[in-house]
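K.L.:
Take a look at the following structure, please.
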Amino acid sequence: IVETATEKKLDEVLTPDYIEGQIREKSKNTIDKLIKETENITRNIIDENTSFEGFRFLADEASARKDFKAAAAFYQKAIEKILLLSGGFDSFEKNEIALTYLWLANVQVLSGKHEEALLSVRNAIPLSSSLSNKAIIYFFECVLGKILNNDITDTENKLNEILKADFTIYWKEFNAMDIKDWLKDAGITEDSKAYILNKIELIEKRIKKID
């Protein structure tokens, strides 16, 4: 049998190594697609079956690992979950939603998402009635205003005024240590760092640690 030029060329191209490589590439593409589909299914299951408190727990766990991007995503999911349930929230529920916005703002600050953090803080304002939440709101408005070069005169006055009142901020509501750690390498001016540390010290005077 005479081997044609085309058959000879194919034999040269379709070597065992080439065929094996093609099989591996196709298998990898298929596996990657299956992994992605599985991740999407898992994500949908988590979204549907995780409560407001559950997402906040996941966010807290991510924050503890210093995975602030994941923490922000979980806090956002928590807020989306609770806002879907009802618009008729009582004062306690509103303050809990506001606090979640403030925790979201905190991890956004730690991720360098300053404008997003300011938006989260502003979302907390109409929901907040507790003095502790309001103090944290004014703190973040001062801090973010300083970083973003906004006029913070009015906000500083509000923070100073509210700190004259008698109230307590519980340590789980405000994590000063993470912000202090972030400040060490934050890409902001030394003047801004000193300003933020001063505001942290004012808030820390109101923090009470209980389990």
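The values are calculated or read from the model by the stated rules, or taken from the named source; none is laboratory data. Model, not experiment: these values are computed from the prediction. SASA here: full protein model, heavy atoms, side chains in, ligands and nucleic acids out. Shrake-Rupley method; radii C 1.70, N 1.55, O 1.52, S 1.80 Å.
K.L.:
How much of the accessible area of the range 132-210, in percent, comes from carbon and sulfur atoms when a 1.4 Å probe is used?
P.N.:
46 percent
K.L.:
Classify the range 96-143: rounded, prolate or oblate, from the alpha-carbon gyration tensor (a ≥ b ≥ c, eigenvalue square roots; a/c under 1.5 rounded; otherwise prolate if a/b is larger than b/c)?
P.N.:
prolate
K.L.:
Just to confirm my numbers, what's the Cα centroid distance between the range 176-201 and the range 54-71 in Å?
P.N.:
22 Å
K.L.:
Also: What percent does the relative contact order of the range 53-137 come to when contacts are Cα pairs within less than 8 Å and at least six residues apart? Please report the intermediate quantities before stating the final value.
P.N.:
Values: 93 pairs, mean separation 22.8, N = 85.
Rounded, it is 27 percent for the range 53-137.
K.L.:
Please calculate the 1.4 Å probe accessible area of GLU161, with all protein chains present, and give it to the nearest 10 Å².
P.N.:
Accessible surface of GLU161 is approximately 110 Å².
K.L.:
Something else: For the range 60-104, with equal point scatterers placed on the C-alpha atoms only and solvent neglected, what are the log10 I(q)/I(0) values from the Debye formula at q = 0.18, 0.23, 0.31 1/Å, to two decimals?
P.N.:
Per q value, in the given order, log10 I(q)/I(0) is -0.54, -0.77, -1.08.
K.L.:
Right, another one. Could you rank SER111, SER132 by how accessible they are, 1.4 Å probe, largest area first?
P.N.:
On the way: SER111 55, SER132 10 Å².
Listed by decreasing accessible area, they come as SER111, SER132.
K.L.:
Need one word for the range 133-173: rounded, prolate or oblate. Basis is the Cα gyration tensor (sqrt eigenvalues a ≥ b ≥ c); a/c below 1.5 gives rounded, then a/b vs b/c decides.
P.N.:
The shape class here is oblate.
K.L.:
How much accessible area per residue does the range 83-211 have, in Å², with a 1.4 Å probe?
P.N.:
Value returned for the range 83-211: 54 Å² of accessible area per residue.
K.L.:
May I ask for the equivalent-ellipsoid semi-axes of the range 52-174, computed as the square root of five times each C-alpha gyration tensor eigenvalue and listed largest first in whole Å?
P.N.:
Each semi-axis is the square root of five times an eigenvalue, giving 22, 18, 13 Å.
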